[in-house]
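Colleague: Here it is: the structure, laid out below.
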Amino acid sequence: MTKTENIRNFSIVAHIDHGKSTLADRLIQMTGGLSEREMTEQVLDSMDIEKERGITIKAQTVRLDYKAADGEEYVLNLIDTPGHVDFAYEVSKSMQAVEGSLLVVDASQGVEAQTLANVYQAIEADHEIVPVLNKIDLPAAEPERICTQIEDVIGIDASEAIHTSAKSGLGMEDVLEAIVTRLPAPKGDPDAPLKALLVDSWYDAYLGVVVLVRIMDGSLKKGQKITMMRAGATYPVDRVGVFTPKMVQVDELGPGELGFLTASIKQVRDTNVGDTITTERAGADEPLPGYQPSVPVVFCGIFPVDAAEFEDLRAAVDKLALNDASFSHEVETSAALGFGFRCGFLGLLHLEIITERLEREYDISLITTAPSVVYKMLMKDGTEMEMHNPADMPDVMKIEHIEEPWIKATILVPDEYLGDVLKLCQERRGVQVDLTYAGTRAMVVYKLPLNEVVFDFYDRLKSVTKGYASFDYSIDGYEPGNLVKMAVLVNDEPVDALSVIVHRDKAEPRGRSMCEKLKELIPQHMFKVPIQAAIGGRIIARETISALRKDVTAKCYGGDVSRKRKLLDKQKAGKKKMRQFGKVDIPQEAFINALKMDS
Amino acid sequence: MSGVTDWRKAGFGVYIHWPFCAAKCPYCDFNSHVRREVDQTRWRDALVRALKAEAARTPGRIVDTVFFGGGTPSLMPPETVAAVIETIRNEWTLASDAEITLEANPTSVEAGKFRAFSAAGVNRVSMGVQALNDTDLKALGRMHSVAEARAAFEIARSVFDRVSFDLIYARMGQGVGQWRAELREALDMAVDHLSLYQLTIEAGTRFADLYRLGKLKKPTDEAAAAMYDATQEICEEAGMPAYEISNHARPDAQSRHNLIYWHYGDYVGVGPGAHGRLTLERGRVATETMLAPEAWLEAAERDAIGSAGETAITPEDQATEYLLMCLRLREGADLARYEALGGAALNPARIAELVGDGMLEQKGTQLIATAQGRILLNALLAKLLT
């Protein structure tokens, strides 16, 4: 057990690409947590997807042993948190387990929207914050300007910001010293009953469920019988340990320490993040305040392209859900697509990551249907219901009104692109809340309906600002909206998986755009294929895919048979990537791509 | 096992590939090569030896048809043609009414050899006339003029019992009206058989390069389809209906050799890049020989046939091959034979759907692609087989 005075717990707040992972790698290397041979890039991002995309999805922790200038040995616990808005929930959880944060800002790029959102969470968690200006050695670095920006935009003192280059190792010693001297030590009573915060949990193929804990009071030892105070379940502790970042077992964890335990827990679902862990006997009376549970905000249907793969999909979805409590799923049946799952996600990136992992790690080709938000239907009989799927829209005659979720979006953008950003927000039914300047950059705050954002808002924002804008949002509550269900008919048959809820004023342009897109996405058939968008019984847009006129090989003799057969096999394989609706084959990617708007 | 005798339903033919041409045509992706010198003795010996080796593994068969293709087989020395036919006669049994076809270019040089080819046993020629318009002949890279082609064709008519010629249509810049006129001229000239191919831009040809660069314009699919429809109508009226997608004949004047392919019979493929389908004791196999002329010659001098590999064809693939070939014919394919070959029937719902769309007709066990279905045969097959 380490004395609390010699413990410092911290997280790192940074925008993607501002060097957070490199800084963490460097700190691990400096304090000797891993040998030269074990160091890989982005040590803390263990999933392939994290390494490839350069993002952090799950929080990770690492314990660093550091001998400071004052001659004392310190234990520094770092929680590496995700930067993306979809995982804001992970961030807020982690923040409550530590006392301070390093605010890492790229010395030439400055503060971005994501940084802002995360640093506010740190402030809310009462963190001591140490600003770090990274990439200081780049020619474009402007430390003074960025310091002023930090003070103006975030409102914290940046006069003692540390100048670093995580890449070259410059300033790392200063960072470690600042953690020791400027961040507070945790508090806690080693003799009080055990109170440990359940920060996170995940499934490990060898160890079962691994629980990440922060000890507040008392101590956690191997062999102890522990109780999850909210869940009420009791388990004997099998292992107690810390991450260096390798898992290393220790005898006990004391107040202020971060570490893990395993206790023959079978499912991640049996552990509630934010729960308080205490001892079965002579335990604590009052649990810790805990966390707000995470709520999925974006829903979509996920179906196997090959209906025969439904059971494989079920196994894969269950397995992913084991490790991701924020991902919800239930069986859905679609007239068009057969059996699949209606899944709930924290946001679009979360959706993309889950579907990519299903396709990549489990090798299942998927059809993903239009992402939808959760609508509240207030019925004429006074009841209220939630709608996750446009296909479940009740009879409009029975609906009093529909409410939709709105978000508050913060966008930071160089002022030359401001006009385009405002135009985009207006097009998406946005309401401007605030517009301020920090140097040559504008900070716009908009209220936007979430359903205008889930399709492709972020892609559009990136494209109109050439990637220079940063974006973050928080849920802002429900408001009534003039919303209608738009159905899409292909060859006169409604395809439920293509129906969407839209604002009445947007229905016609959206319908036209979807019909035009589908005309490009669906291949020609032997007959002409009409595509229509309709509200109720009224057709609001229509396109027609003309029939194939000629598709035949002019010469086919003895030497052409094998080639011809192989070509046919290839065509057959291509057809497997499509789903048949009535007589029409629709390619799997059409379901999502039909929704993307060009303007 | 029905597969053992299935080929008998279609007969047995021998294909000889002569890979050399005087010049390479810009649209042609066939295995053809231009060589200044060809060692004729070596080539003749190699072909003869290859035939002997093929006969050794298909003993006792009756050869219904022989086809000299290429390349330009009319460049072959007549003695080589004679040696090949003689070998076939000696190694197998050559049917008394065997059809022996040779592809010929319509130039005066080759016309001069027609009598010798006839004496060697050739009884049918198929001439690559390609167009009845000098400008287009030039654009197609052909070495003959219309007048020369007509003269060569007249000689061929007087020498051989049966003569056919090829035209390429839906050519660059060609309109439906022009093609109608050209086709009528062709029908006036034709005897009993015509092959009418729509121009296809094949990968790896000079036309493909030009097309990519936008220097070669093809008629739209719509225009090409209209030309196809006009072709059916005009030939039908003239008593030369299509019996296959691109082939027209008077009754009983169809190419019996090509019918072996379309009926999915057995055939030996001899010479560079030749393909065969043979039902051997171990089942039906696809044979293939070395593509490059020199590589084939050297390999054939080692192993007699210059094989580039033999693959057993699964029952399912045999059924598919039968269907994709036989549906090209106006008479259609026999569903009973399809089932016997592959061991499974086609999906009746798919057939019904395609019948409903006017793509297929079913008469008893005979499945027939309609005129509309034939011009969309690739899409039709993909639908039918998935």
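Colleague: Report, please, the projected area of chain B averaged over directions, based on the convex hull of its C-alpha atoms, in nm².
Modeller: The Cα convex hull of chain B, projected and averaged over all directions, gives 18.9 nm².
Colleague: Run the 1.4 Å probe and let me know the accessible area of A:ASP560, rounded to the nearest 10 Å².
Modeller: 20
Colleague: List the residues of the stretch A:535-558 for which accessible area in the full set of protein chains is at least 40 Å² lower than for the chain on its own; 1.4 Å probe, protein heavy atoms only.
Modeller: A:ARG549, A:LYS550, A:ASP551, A:VAL552, A:ALA554, A:LYS555, A:CYS556, A:TYR557, A:GLY558
Colleague: So if the hydrodynamic radius of the stretch A:426-555 is defined as the Kirkwood radius over C-alpha pairs, what does Stokes-Einstein give as its diffusion coefficient at 37 °C and 0.692 mPa s, in µm² per second?
Modeller: Using the Kirkwood radius from Cα pairs, D works out to 186 µm²/s.
Colleague: Determine the alpha carbon to alpha carbon distance for each of B:LYS9/B:LYS218; A:LYS466/A:LYS576; A:LYS564/B:LYS363 and list only those over 28 Å.
Modeller: B:LYS9/B:LYS218; A:LYS466/A:LYS576
Colleague: Additional query: So how much accessible surface do A and B hide from each other in total, probe 1.4 Å, in square angstrom to the nearest 100?
Modeller: 3500
Colleague: If you place +1 on the Cβ of every Lys and Arg, -1 on the Cβ of every Asp and Glu, and leave all else neutral, what size is the dipole of chain A about its Cα centre, to the nearest 20 Debye?
Modeller: Once rounded to the nearest 20, the dipole reads 3040 debye.
Colleague: Using a 1.4 angstrom probe on heavy atoms only, work out the carbon and sulfur share of the accessible area of the stretch A:173-229 in %.
Modeller: 51
Colleague: If packing is taken as the mean number of other Cβ atoms within 10 Å per residue, what is the order of A:534-541, A:216-223, A:337-344, highest first?
Modeller: Ranking the peptides A:534-541, A:216-223, A:337-344 by packing returns A:337-344, A:216-223, A:534-541.
Colleague: Within 10 Å of each Cβ in A:564-570, how many Cβ atoms from other chains are there, averaged over the peptide?
Modeller: Taking all residues of A:564-570 together, the mean is 5.
Colleague: Let me ask something else. Considering the options B:ASN123, B:PRO73, B:LEU140, tell which one lies farthest towards the positive end of the dipole of the stretch B:59-142, charges being +1 on Lys and Arg and -1 on Asp and Glu at the Cβ, about the Cα centre.
Modeller: Sorting the options by dipole projection puts first B:LEU140.
Colleague: Follow-up question, since we're still on this one. Sort by residue number and name the cysteines in chain B that have no neighbouring cysteine Cβ under 4.7 Å.
Modeller: When partners are defined as cysteine Cβ atoms under 4.7 Å apart, chain B leaves B:CYS21, B:CYS235, B:CYS326 without one.
Colleague: Which Cα, out of A:ALA321, A:VAL242, A:TYR557, lies furthest along the positive dipole direction of chain A (beta carbon charges, K/R +1, D/E -1)?
Modeller: Looking along the dipole axis, the top candidate is A:TYR557.
Colleague: Treat the stretch A:277-353 as a sphere of radius equal to its Kirkwood radius over Cα pairs and apply Stokes-Einstein at 20 °C in a medium of 1.002 mPa s; give the translational diffusion coefficient in µm²/s, rounded to a whole number.
Modeller: After rounding, the answer is 145 µm²/s.
Colleague: Other chains near A:571-581: what is the mean number of their Cβ atoms within 10 Å of each residue's Cβ?
Modeller: 2
Colleague: I'd like the carbon and sulfur percentage of the solvent accessible area for the stretch A:279-344, probe radius 1.4 Å, heavy atoms only, ligands and nucleic acids excluded.
Modeller: Carbon and sulfur atoms account for 52 percent of the accessible area of the stretch A:279-344.
Colleague: Compute accessible area for the stretch B:307-336 by itself and then with all protein chains, 1.4 Å probe, and report residues whose area falls by 30 Å² or more.
Modeller: Residues shielded by partner chains are B:ASP317, B:THR320, B:GLU321, B:LEU324, B:MET325, B:ARG328.
Colleague: For a quick check: with amide H placed at 1.01 Å from N, whose amide H comes under 5 Å from B:GLN130's, ignoring anything fewer than 5 positions away on the same chain?
Modeller: It is B:ASP166, B:LEU167, B:ILE168, by chain and number.
Colleague: If you add up the charges near A:GLY169, with Lys and Arg at +1 and Asp and Glu at -1, over every other residue whose beta carbon is less than 11 angstrom from its beta carbon, what do you get?
Modeller: -1
Colleague: If you take the charge dipole of the stretch A:359-446 about its Cα centre, with +1 on Lys and Arg Cβ and -1 on Asp and Glu Cβ, which of A:TYR375, A:TYR437, A:TYR362 is farthest toward its positive end?
Modeller: The residue sitting most towards the positive pole is A:TYR437.
Colleague: Say we join alpha carbon atoms closer than 10 Å with springs in a Gaussian network model of chain B; which of B:ALA304, B:ALA95, B:ALA55 then has the biggest fluctuation?
Modeller: Among B:ALA304, B:ALA95, B:ALA55, the largest GNM mean-square fluctuation belongs to B:ALA95.
Colleague: Then there is this: Which value, to two decimals, describes the C-alpha radius of gyration of chain A once divided by 2.2 N^0.38 Å?
Modeller: Compared with the compact-globule rule of thumb, chain A sits at 1.08.
Colleague: Probe 1.4 Å, all protein chains in place: accessible area of A:TYR468 in Å², nearest 10?
Modeller: About 130 Å², rounded to the nearest 10.
Colleague: Tell me whether the stretch A:140-223 comes out rounded, prolate or oblate; compute the Cα gyration tensor, take square roots of the eigenvalues as a ≥ b ≥ c, and use a/c under 1.5 as the rounded threshold.
Modeller: Judged from the Cα gyration tensor, the stretch A:140-223 comes out prolate (a/c at least 1.5, a/b above b/c).
Colleague: Right, here's the next one. Which whole number of Å³ per residue matches the convex hull of the alpha-carbon atoms in the stretch A:511-565?
Modeller: Given the Cα convex hull of the stretch A:511-565, per-residue volume reads 91 Å³.
Colleague: While we're here: Considering only protein heavy atoms, what per residue accessible area in square angstrom results for the protein assembly as shown with a 1.4 angstrom probe?
Modeller: Accessible area per residue, the protein assembly as shown: 41 Å².
Colleague: For the stretch A:460-535, what value does the Rg/Rh ratio take when both radii are computed over Cα atoms and Rh is the Kirkwood radius, given to two decimals?
Modeller: Radius of gyration over Kirkwood radius for the stretch A:460-535 works out to 1.10.
Colleague: Through the Karplus equation 6.51 cos²θ - 1.76 cosθ + 1.60, θ set to phi - 60°, convert the phi angles of the stretch A:564-574 into ³J(HN,Hα) values in whole Hz; use x for Gly and Pro.
Modeller: Taking θ as phi minus 60°, the curve returns 4, 5, 5, 4, 5, 4, 5, 4, 5, 4, x Hz for the stretch A:564-574.
Colleague: What is the Cα centroid distance between the stretch B:67-138 and the stretch B:353-386, reported in whole angstrom?
Modeller: Centre-to-centre (Cα) distance: 36 Å.
Colleague: Using packing as a proxy for protection, rank B:312-322, B:267-277 so that the peptide with the highest average count of other Cβ atoms within 10 Å comes first.
Modeller: B:267-277, B:312-322
Colleague: Leaving out ligands, DNA and RNA, and with a 1.4 Å probe, what % of the accessible surface on chain B is carbon or sulfur?
Modeller: 51
Colleague: Can you give the mean number of other chain Cβ atoms that lie within 10 Å of the Cβ atoms in peptide B:256-265?
Modeller: That average works out to 2.
Colleague: Counting only C-alpha contacts under 8 Å and six or more residues apart, can you give the relative contact order of chain A as a whole percent?
Modeller: Contact order relative to length: 10 percent.
Colleague: Using the Kirkwood formula on the Cα atoms of the stretch A:120-168, what hydrodynamic radius do you get, in angstrom to one decimal?
Modeller: 11.7
The values are calculated or read from the model by the stated rules, or taken from the named source; none is laboratory data. Computed from a predicted model, the values in this text were never measured in an experiment. Glycine gets a Cβ as well: all are built from the backbone with ideal geometry, and neighbour counts include every protein chain shown. Please note that ligands, DNA and RNA were not included when accessible areas were found on the heavy atoms of the full protein model with its side chains. Shrake-Rupley method; radii C 1.70, N 1.55, O 1.52, S 1.80 Å.
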